[in-house]
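Before any comments, here is the structure.
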Amino acid sequence: KTYHPDEEALIAGGAILPVSDYLDLMPNFKDKVAKWKLESDLDTYRQQDGKFYLLPGVHETVYVDYSLAIRTDILTKLNLQVPKTWDDLHAVLKAMKTAYPDQYPMSDRWSTPPQPGGNNLLALLSNAFGTGAGWDYQNAWWDKNSGKFVLTGAMDQYKQMLTFLNTLVSEKLLDPESFTQQDDQARQKFANGKSFVISCNTQTLVNELRKDIAKIPGATVVKIPRPVGPNGPNKPGTARLENGIMISKKALESKNFVAMMQFIDWLWYSDAGEEFAKWGVEGVTFTKDGSGKRTLTPDVNVVGLNPSGTKHLQVDFGFYNGVFAYGGSTELRESFYSDEEKEFQKEMNARATLPVPPPHPFSADEREQATLWETGIKDYVNQQTLKFILNQRPLGDWDKYVAELKGKNSDQYVELVNKAYDRFKKAHP
């Protein structure tokens, strides 16, 4: 299970296969790419040789899951509406702080190293401001206005996002530990009523947060549509490709290579395989009516769809898991949605999809050079991001910080990216 572009570090050494050379063994994959018009999405995975080395999970339509969860009983108690914009959220947090002055109304999770922490919050905010951060950070950002790549961590939009977060921390609305604490600590604060807003996705909302607050009388929590920012109502364009799989070059030596590729094609990309990975075995974990609607069998539960079920589709059967159950048709994905999730998706689907950045694959020598620069740039951006947010460095230092990035070869790196982009564009008009 690999997230692009992590596979790129293994290409030069020849450790992984250019999977695009073996698509004749993968009719289901080819069919989905053609039917769902995923060619331009896949182009972003292609290297300078025109090949791609990662088989991604593929979605028929853009899928947005992660957002913020908010205690709706507190909103009702304080006569507040669900926030629609980040400015609305700021106002809601201020009202919560006024009512509960001794606590932080928001304390967040998902601070797994090596990112700066608060990685979902940063991803959501960067999307709203028109840049990339947290889980969505890449050093190079496609600026459609100038028609070239720029350094993400030096963008004005990145500074605006940090200014917003710095304000939340300064006003004691956002727990500074949001960027360092373990998930369990963030959940504990939410469970104890010490915070009212936290990052979530569909599964953590049902499997964790609702269970966590069950002992608080009258407590209710919902996942809200992503708040809108200066970049307008949108959703990321890259969300039609998911994490996927690399295949070791050693696999070619196996007598089962062809069978393995055919099995991967069936499990990840055929309608039957995708249904199997998500729903399990018909008659055992689910049933299907004449219209094709699937229903969990009475004793099986997952994501709160069948609360009385004593067996869990993931825990007891291993289906709908975080390795095989990626990608698929919109119908299959939505077959697991509760009514409230359908409403969330309806709101998100109405938003404009951001364009996918164009491909800019490096040559082997360029990749080696880029790798040397990338880590230093990204690590420094992450470190300073945290310092700016937490008031450990004044935002008045911004120009100095940008100059420090230049000292880490950021200009040369961006120049290299744009050179690769221009070359690929000329070679593949």
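The values are calculated or read from the model by the stated rules, or taken from the named source; none is laboratory data. A quick note: this is a predicted structure, and the numbers were derived from the prediction, not measured. Glycine also receives a Cβ, built like all others from the backbone with ideal geometry; neighbour counts cover every protein chain displayed.
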For the range 357-371, indicate whether the set of residues that are of a type in the set (Phe, Trp, Tyr), in contact (Cβ under 8 Å) with a residue 24 or more places away in the chain and surrounded by fewer than 19 Cβ atoms within 10 Å (Cβ to Cβ) is non-empty. no
Residues located in the range 1-34, provided they are of a type in the set (Lys, Arg) and in contact (Cβ under 8 Å) with a residue 12 or more places away in the chain: Lys1, Lys32
Criterion violated by Lys255 - all others in (1) assigned to a helix (DSSP H, G or I); (2) more than 21 Å from Val62 (Cβ to Cβ) satisfied: (1)
Contacts under 9 angstrom Cβ, first residue in the range 141-169 being over 18 Å from Phe179 (Cα atoms) and in contact (Cβ under 8 Å) with a residue 24 or more places away in the chain, partner of a type outside the set (A, V, I, L, M, F, W, C) and assigned to a strand (DSSP E or B), 6 or more apart: Trp142/Lys148; Phe149/Asp143; Val150/Asp143; Met155/Asp143
Looking at the range 7-16 only, could you name the residues that are modelled with pLDDT of 90 or more and surrounded by fewer than 17 Cβ atoms within 10 Å (Cβ to Cβ)? Leu10, Gly14, Ala15
If we keep just the residues of the range 142-167 that are part of a strand (DSSP E or B) and more than 19 Å from the chain's Cα centre (by Cα), which is nearest to Gln383 (Cα to Cα)? Leu151
From Ser308, Ser270, residue being among the hydroxyl-bearing types (Ser, Thr, Tyr) and over 21 Å from Glu341 (Cα atoms): Ser270
Would you say Ala69 is closer than 30 Å to Gly328 by Cβ and at pLDDT 95 or above? yes
With the structure loaded, tell me whether Asn207 is polar (S, T, N, Q), farther than 27 Å from Phe129 by Cα and at pLDDT below 95 or whether it fails that test. yes
Anything in the range 28-62 that is hydroxyl-bearing (Ser, Thr, Tyr) and crowded, with 21+ Cβ neighbours inside 10 Å? List them, or say none. Tyr45, Tyr53
Among the residues of the range 183-207, which ones are assigned to a helix (DSSP H, G or I) and within 14 Å of Asp108 (Cα to Cα)? Asp183, Asp184, Gln185, Ala186, Arg187, Gln188, Lys189, Phe190, Ala191, Thr204, Leu205
Looking only at residues that are polar (S, T, N, Q) and touching a residue at least 60 places away in the same chain (Cβ under 8 Å) in the range 385-424, which one is farthest from Asn166 (Cα to Cα)? Asn418
Of the residues in the range 286-339, those that are of a type in the set (A, V, I, L, M, F, W, C), in contact with a Lys or Arg (Cβ under 8 Å, 6 or more places away or on another chain) and part of a loop (DSSP other than H, G, I, E, B) come to Phe317, Phe319, Val323, Ala325, Phe336
Name the residues in the range 67-79 that are among the aliphatic types (A, V, I, L, M) and either over 25 Å from Ser126 (Cα atoms) or assigned to a helix (DSSP H, G or I) (or both), would you? Ile74, Leu75, Leu78
